[in-house]
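First up is the structure itself, then whatever we jot down about it.
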Amino acid sequence: MIRKLIFVILLYPLMYFPIHGQDFILQEQDKQLHFGAGMITSALGYTWSYSKYQDKKKAMITGIATSILAGVAKETYDNMRGREFDERDILATTMGGVAVSITIPLFKKRRKL
């Protein structure tokens, strides 16, 4: 449990460091909103899958896939309405989904038989 907690503590600061001389993606307000949407959709997907299958791996995959699907659907909708299709929005949504899908199992208590 301690190793998992240390991993999470070390993972989150990486979101704030510049990459290749550019400002990091989550410094833009629009991308922060996409990150939050990815967190919500991933949590919903994870919860649904875990309650149905009782399998953490399937739940993680479902959570991440749900956030990717939400990001692609939103950008497709924006594109149909005449706005630009922004792959970075999909990346931010997916990052939110990955953050939640990896974090939830770390703090779930194991059932004792």
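The values are calculated or read from the model by the stated rules, or taken from the named source; none is laboratory data. Just so you know, these numbers come straight off a predicted model, no measurement behind them. Neighbour counts run over all protein chains shown; Cβ positions are idealised from the backbone, glycine included. Note: accessible area is taken over every heavy atom of the protein model, side chains too, but ligands, DNA and RNA are not part of it. Shrake-Rupley method; radii C 1.70, N 1.55, O 1.52, S 1.80 Å.
If you scan the range 44-54, which residues turn out to be open to solvent by 30 Å² or more (accessible area, probe 1.4 Å) and part of a helix (DSSP H, G or I)?
Taking the range 44-54 as the starting set, the residues that turn out to be open to solvent by 30 Å² or more (accessible area, probe 1.4 Å) are 44, 47-48, 50-54.
Within the range 44-54, 44, 47, 48, 50, 51, 52, 53 meet the criteria.
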Problem set entry | Selection status of residue 57, open to solvent by 30 Å² or more (accessible area, probe 1.4 Å), farther than 14 Å from residue 91 by Cα and either in contact with a Phe, Trp or Tyr (Cβ under 9 Å, 6 or more places away or on another chain) or at pLDDT 95 or above (or both) | no
Problem set entry | Subset of the range 64-81 (residues that are closer than 19 Å to residue 100 by Cα and β-branched (Val, Ile, Thr)) | 64, 66, 68, 72
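Do we find that residue 65 is assigned to a helix (DSSP H, G or I), surrounded by 12 or more Cβ atoms within 10 Å (Cβ to Cβ) and at pLDDT 95 or above in this structure?
Values: assigned to a helix (DSSP H, G or I): yes; surrounded by 12 or more Cβ atoms within 10 Å (Cβ to Cβ): yes; at pLDDT 95 or above: yes.
Against the criterion (assigned to a helix (DSSP H, G or I), surrounded by 12 or more Cβ atoms within 10 Å (Cβ to Cβ) and at pLDDT 95 or above), residue 65 qualifies.
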For this session: From (1) at pLDDT 95 or above; (2) out of contact with any helix residue (DSSP H, G or I) (no Cβ under 6 Å at 6 or more places or on another chain); (3) open to solvent by 60 Å² or more (accessible area, probe 1.4 Å), pick out the condition that doesn't hold for residue 39.
Result: (2)
For this session: Would you mention how many residues in the range 74-83 are of a type outside the set (D, E, K, R) and not in a helix (DSSP H, G or I)?
Result: 1
For this session: Sort out which residues of the range 73-113 are among the hydrophobic types (A, V, I, L, M, F, W, C), within 14 Å of residue 31 (Cα to Cα) and open to solvent by 50 Å² or more (accessible area, probe 1.4 Å), and write them in order of number.
Result: 85, 91
Problem set entry | Single unsatisfied condition, residue 71 versus (1) farther than 19 Å from residue 32 by Cα; (2) assigned to a helix (DSSP H, G or I) | (1)
